[in-house]
1. If you line up the long axis of helix 64-76 against the longest principal axis of the chain, both from Cα atoms, how many degrees apart are they, to the nearest 10?
2. Compute the helix-to-body angle for 91-103: its Cα long axis versus the longest principal axis of the chain, expressed 0 to 90° and rounded to tens.
3. For the range 43-54, what does the Karplus curve 6.51 cos²θ - 1.76 cosθ + 1.60, with θ = phi - 60°, yield as ³J(HN,Hα) per residue in whole Hz, taken in order and with x for Gly and Pro?
4. To the nearest 20 debye, what charge dipole does the range 264-344 have about its Cα centre, counting +1 at the Cβ of each Lys and Arg and -1 at the Cβ of each Asp and Glu?
5. Would you please classify the overall shape of the chain from the alpha carbon gyration tensor, given that a ≥ b ≥ c denote the square roots of the eigenvalues, rounded means a/c under 1.5, and beyond that prolate means a/b larger than b/c while oblate covers the rest?
6. Go ahead and set up a Gaussian network model of the chain, Cα springs under 10 Å, then flag whichever of I13, I204, I334 fluctuates most.
7. Given a 1.4 Å probe and the protein chains all in place, what does the accessible area of E219 round to, in Å² to the nearest 10?
8. What angle, in degrees between 0 and 90 and rounded to the nearest 10, separates the Cα long axis of helix 197-212 from the longest principal axis of the Cα atoms of the chain?
Amino acid sequence: MSNWDGIFSVEQIDDLLQLAEQYDKVFCLIDENTKKYCLPEFEKYDFNIQHYLEIKSGEQHKNIDTCKILWNELMKHGATRNSLLINLGGGVIGDMGGFVAATYKRGVDFIQMPTTLLAMVDASIGGKTGIDFMGLKNQIGLIKKAKGVFVNPAFLKTLPLNELQSGFAEMMKHALIDSNEHWKELGEIENLRELTEEAIFKSIGIKMNIVAADEQDNEVRKILNLGHTVGHALESYFLQTANKLTHGAAVAAGILAEFYLAKELGFEVEDFIEKYAKLYLKHFEKVNLQEVYFKELIEIMQHDKKNIGNEICFSLITGKQERQIDITASHLQIRKALLRYSEL
Ligand SMILES: NC(=O)c1ccc[n+]([C@@H]2O[C@H](COP(=O)([O-])OP(=O)(O)OC[C@H]3O[C@@H](n4cnc5c(N)ncnc54)[C@H](O)[C@@H]3O)[C@@H](O)[C@H]2O)c1
Ligand SMILES: [Zn+2]
């Protein structure tokens with residue numbers, strides 16, 4: 001299924017096993033969920049695991065304290081420069097496992113084995129690894145490519161629906177950025193449990209192409225932040241409430257709000273708004289966004305790492321063949337866009 005360097009589909013498992021055989025010891029990082037739900041599938045393949053490293057699931061554990069435990073475990077179990085770490089899990093396991101491997105003894109190789117849809121189509125592609133620090137996301141990390149990424153949709157069978165939605169938001173984003181044809185295919189999906197391997201690989205291909213054009217994340221790759229300025233603000237805002245949003249649910253809402261913003265800025269995006277809103281509402285519940293939240297949301301956006309100087313920056317689709325990065329908007333324009341979303 002995959003023709004891309006380093007991406008392995010289930011049919012290519014023998015190549016991946018061969019690659020893993022070249023290492024002196026193979027370690028595998030899991031959390032309690034991937035241990036329960038993904039190990040049975042993983043153990044069908046004989047990776048000859050020396051030792052399983054187990055951590056607790058959740059973003060709150062993606063930090064330096066967990067890394068210390070993992071470096072220590074690797075040392076205790078004799079991991080050398082020539083050992084391999086397999087990260088079996090969602091984006092938290094992939095980001096942190098990648099970071100731990102990339103820094104242990106100045107760097108050992110690792111394989112990403114994404115088990116969430118978001119990790120398959122997004123987090124495990126592009127080599128970004130890292131952890132949260134001082135309460136801020138992904139502050140410490142580095143870009144290091146995995147030796148391989150194994151994409152096996154069988155893992156998705158046990159994934160809760162809200163986590164499937166989360167990954168689907170990034171798939172919609174990829175399709176909007178790059179492929180009208182892929183967008184049409186996504187539009188035909190009635191139930192996210194029916195998502196095909198083909199659709200997943202298409203989405204991966206789009207991200208791979210964008211990353212290949214800009215591995216160090218300087219320019220082109222910034223378009224992948226579509227929906228993320230508003231999305232991150234919503235995610236952070238609702239984190240403090242009882243109604244937490246998954247990353248994808250926040251981004252899916254953010255994409256729509258940013259289309260409204262593009263319109264507010266004078267770009268011709270009415271067609272996009274219509275087609276996006278339709279698919280969005282088919283799979284997502286609208287976020288309960290109230291005007292009293294706007295001030296704090298804009299304050300959060302002011303700390304977005306994409307900003308230039310004091311200006312809040314957006315990556316936007318601005319027309320049929322137009323995508324633009326570093327677009328700034330006034331607080332009033334942002335408020336109007338948020339208002340339009342809340343009135344949807
Ligand atoms: N490196 C990148 O380029 C990049 C891109 C996007 C997101 N990320 C990072 O990814 C992380 C989010 O990843 P995520 O959405 O995969 O969340 P996650 O890793 O927290 O996984 C979500 C939940 O699903 C559970 N789970 C995983 N696989 C399962 C399965 N097959 N069946 C049942 N449960 C399963 C996990 O234990 C967890 O509780 C964030 O830390 C984010 O910063 C990184
Ligand atoms: Zn995202």
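The values are calculated or read from the model by the stated rules, or taken from the named source; none is laboratory data. What you see is a predicted model; the values in this text were computed from it and never measured. Reconstructed Cβ throughout: ideal geometry from the backbone, glycine too, with neighbour counts over all protein chains shown. SASA here: full protein model, heavy atoms, side chains in, ligands and nucleic acids out. Shrake-Rupley method; radii C 1.70, N 1.55, O 1.52, S 1.80 Å.
1. 20
2. Roughly 50 degrees between the two axes.
3. Calculated HN-Hα couplings, in order: 6, 5, 9, 8, 8, 6, 6, 6, 6, 9, 9, 10 Hz.
4. 220
5. prolate
6. It is I13.
7. Only protein atoms counted, so the area is about 100 Å².
8. The angle comes out near 80 degrees.
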